[in-house]
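The values are calculated or read from the model by the stated rules, or taken from the named source; none is laboratory data. Computed from a predicted structure; not experimentally measured. Every residue, glycine among them, receives a Cβ derived from its backbone with ideal geometry; neighbour counts consider all protein chains shown.
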Amino acid sequence: MEQPTKTAKVGSSGQRQGSNDKILCVPNKLTVEELRDELRARDLSTTGLKPVLVERLTKALQVDGASPYRLALTADKRRRRPTNKKEPKRDEYASEQEFQLAWTRWRESRDNNNESVKRSRQLAKQKRDEQERIHREREQQNAQLEKLVSQMRNEVVFLNKVLKTPELLDAQELAQLEDLLTRGMPPV
C-alpha cells in the first residue's frame, strides 16, 4: 500500500492530489454522486443518505489492502443515454444526409414512445373498465342482499307477532304464515 506524500494538496472536490497524480479519497469532501461512484467502483452498496455513504466508504478505506486513492474518477462517471426529445433543426447539421439521419432517429424514437404510451393507456383503460365492471357486479349483489335482508327482517317481525299473539292474526296474516312455512320447508 502506498503512503500519501507530504506535498499533497486538497482539491475543490475533496480530492487530494499527490506527486504521482493519484487522487486520495477523502469521503467527507465528496459529493453524493461521487460517493456513490466510488462505492460502486469498490462493489459496495450505494443506497442511503450522504452520512451513511461517507461512513461506508470510510470503513472501506480502513480495511487493510484497500486503496486509499480514488477508483472512480470524474471521467468514469456513468454515461446517460442521449435523449432525442427535440425535433432536429436543419440548420444544426452540416449536410442534408446528417439531418435526415438525425430526423429519422428522432421520428423512430417518437413513434416508439407514442406506441408505448398508447399501449400503456389501453392497458390502464382495460384495468379501469374491469374494475368498474366488478364494482357494478358487487353493487348489484349488495342491492340483492339488502333486499333479502330487509325481507328477512320483516319476516322475523311477523314471526315474533305470531309467537306473541297468535289469536290476533287475521285471514291475510294466516295465509302469509302458511306461505312462509311452505317456502321455508325444503322440498321433499
Hey, could you check the range 62-86 for residues that are in a helix (DSSP H, G or I) and at pLDDT below 85 and say which is surrounded by the fewest Cβ atoms within 10 Å (Cβ to Cβ)? ALA75
For LEU163, are the conditions met, namely being surrounded by 10 or more Cβ atoms within 10 Å (Cβ to Cβ) and hydrophobic (A, V, I, L, M, F, W, C)? no
Is there a residue being more than 30 Å from LYS86 (Cβ to Cβ) and among the β-branched types (Val, Ile, Thr) anywhere in the range 115-125? no
